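What follows draws every value from the coordinates through simple rules; no lab data is involved. This one's a predicted model, so the numbers in the text were calculated from it and none came from an experiment. So basically every Cβ, Gly included, is an ideal-geometry build from the backbone, and we count neighbours across all protein chains shown.
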Amino acid sequence: MGKNIVEKVIENHLISGEMKAGEEIAIKIDQTLTQDSTGTMAYLQFEAIGVPEVKTKRSVAYIDHNTLQAGFENADDHRYIQTVASKHGIYFSRPGNGICHQVHLERFGRPGFTLLGSDSHTPTGGGIGMLAIGAGGLDVAVAMAGGPYHLTMPKVCKVVLKGRLKPWVTAKDIILELLRRLTVKGGVGKVFEYSGEGLQYLTVPERATITNMGAELGATTSIFPSDEMTYAFMKAQGREDEWIELRSDEDATYDEEIVIDLSTLEPLVAKPHSPDNVDTVKNVGPIKVDQVCIGSCTNSSYLDLMKVAQILKGKTVHPDVSLVISPGSKQVYTMLAQNGALAHLIDAGARILESACGPCIGMGQAPATDAVSVRTFNRNFYGRSGTMSAKVYLASPEVAVATALSGVLTDPRELGEYPKVEMPKSFVINDNSIIPPSETPEEVEVVRGPNIKPFPINKELADRVEGEVLLTMEDNITTDHIMPSNAKLLPYRSNIPHLSDYCLAPVDPTFPGRAKKAGGGFLVAGHNYGQGSSREHAALVPLYLGIKGVIAKSFARIHEANLINSGILPLVFEDETDYHRIDKGDVLVIDNAREQVSGGNIITVSNMTKGYDFEVRLAVSPRLRDVLLAGGLLNYTKKNA
């Protein structure tokens, strides 16, 4: 029986387990990436493991998130990351070199390789044929130390792209259509593998837009074949010697199949406050817009911004609109400057930001009170922009620039002839902002600033787990709710005690104080708890506050893994009606906790306040049960080294 692309890559990297959906497998990781929002913690954890040099084929540390330096904190973290990278065999991408996913696609991504990144949008690498997975920093640290990455073997969903996109309809509209169909929970436990005649018209940057936002489906990852289009991109990057062909066999089988007729799509937009709240631009109508942001790891490629520049040439941004543009990398920025496109953007009234995540991560450009912002980003969660009252819409660069010119949400098909931009035969290549590791690591001193504090480490699981229910929450609580990541808090990503004062404050401002007073306890939530960013701070900070377990209707994949890595019990209601019986303030007890965690999937919890027992499910592998018993992955790794 033939194999699909996912099976081929996993089989080539399989260390243990069976490639059967739902079974735990372990795979070897070829490459890792970190960024500075999660990287400081990942490297502190890597140091704690005690391995002198990374054992991957290539590990890269990017500075792209915390680039506003209002104080010493970000600069100190960057210095720490640069020195620890130099000492331990890690390449360092300097501030200004670009967004990690864009740069990695350009300079390091290789078809058929595995990539593990401490950023939820690491699946961007699937656009070049990588099996690229987002994970928590501790998982990445273990991979850098030579350990395998454990995951549940996903189902493989074949997405057949029929036909060809019409002018002004884009790759962004393809992934928005999938989100409209499947919702933000529709990809949990799955990998999306793309195929069909439509592939021949999609460039690697366009494919990367689709795989990037596959993260919003909750998918493990997404992947495209490595074909002639992939070769053309890698040759233009001067890396054709790293290309391999990677396709599914003709008789490959899949768990699911979805068909999208590209010719039927039209410009789409995700309305506030979720990426799956999708409708056509035409249906939403010409609502007044105050801000337009073009960029992020989703839509900041050379091709994207060249189209924007051609549309803006000789025109002026609407006087009521603030237009900001973030080139995805130094390579993109340089090429726009050299060919004159940058001048078109500036002449039209656009504000050009540095090559970094910027507004997408909440680092600057917060909209005005009650403003409407149209962004080419991947997430529009409530409050993520930095302004709680703002309404954020997600759209393609074409929709965004048409809107910036008119002042209202605009279908770009009204602009007339579609601009023609072709993939360059060769990109400008200058890697002088990527610093290789030291050849004399023993001489490198790792520099730690005063903002870097020790991270919390759990203890072995107690035999009696008891605590108060500190908070009950609804569905789709994001990691932005659990651990906000605005411009004021990002500089403290290496300072867990400081962050603890803000944990879950968007849900309940009294939570941090109550958690500290109670000495910890339990959290109760609805479906898809922990969707969004891979930031393990959303588990480390609750650990610091003494959270012993989270009981939810369901969990997002990365956050559930981060909870386990921190030794926090991720428990799922066996009967969802029990969710409605629990109130804030109830005292819950798990007796014989070690035996129950070891023994099976069902665990009995006692509600001591109301005098009844209920059952929860801990559907994890035997290895993960041992991780929880040890009090987290770091303890487990040291114990089994």
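Using the structure shown, list the pairs from LYS172/LYS282; LYS548/LYS639; LYS8/LYS28 with a Cα-Cα distance above 19 Å, or answer none.
Values: LYS172/LYS282 16 Å; LYS548/LYS639 21 Å; LYS8/LYS28 14 Å.
Check vs 19 Å cut-off fails for LYS548/LYS639.
Using the Cβ atoms and a cut-off under 12 Å, what net charge is assigned to the surroundings of ALA539, where Lys and Arg are +1 and Asp and Glu are -1? Show your work: numbers first, answer last.
Numbers: positive: ARG535; negative: ASP139, GLU536, GLU560.
Charge balance near ALA539 sits at -2.
Among rounded, prolate and oblate, which fits the stretch 372-414 when a ≥ b ≥ c are the square roots of the eigenvalues of its C-alpha gyration tensor, a/c under 1.5 means rounded, and a/b larger than b/c means prolate?
Details: a/c = 3.35, a/b = 1.96, b/c = 1.71.
It comes out prolate by the Cα gyration axes.
Give the percent of DSSP beta bridges with both residues in the chain that are antiparallel, rounded to the nearest 5.
Details: 30 of 88 bridges.
Taking every DSSP beta bridge with both residues in the chain, the antiparallel ones total about 35 percent.
What is the antiparallel percent of DSSP beta bridges lying wholly in the stretch 1-121, to the nearest 5? Walk me through the numbers on the way to the answer.
Numbers: 2 of 13 bridges.
Just about 15 percent of them are antiparallel.
Would you list which aspartates and glutamates come within 14 Å of LYS488, measuring only between C-alpha atoms, while excluding same-chain residues fewer than 8 positions from it?
Of all the aspartates and glutamates, those that pass the test against LYS488 - Cα under 14 Å, at least 8 places apart if same chain - are GLU73, ASP480, ASP501.
Could you give the distance between the Cα centres of the stretch 434-469 and the stretch 167-221, to the whole Å?
The two parts, judged by their Cα centres, are 35 Å apart.
List the residues of the stretch 452-482 whose backbone N lies under 14 Å from a point placed 7 Å from the Cα of THR609 along the Cα-to-Cβ direction.
Hits in the stretch 452-482 for THR609 at 14 Å: 467-473.
Looking at the stretch 5-264 only, what percent of DSSP beta bridges run antiparallel? Nearest 5 please.
On the way: 8 of 38 bridges.
Of all bridge pairs located within the stretch 5-264, approximately 20 percent are antiparallel.
Between ASP347 and SER426, what length comes free when the chain is fully extended (0.36 nm per residue of separation minus the Cα-Cα distance, one decimal in nm)? Could you put the intermediate results ahead of the total?
On the way: separation 79, 0.36 × 79 = 28.44 nm, distance 2.68 nm.
The span from ASP347 to SER426 would gain 25.8 nm if fully extended.
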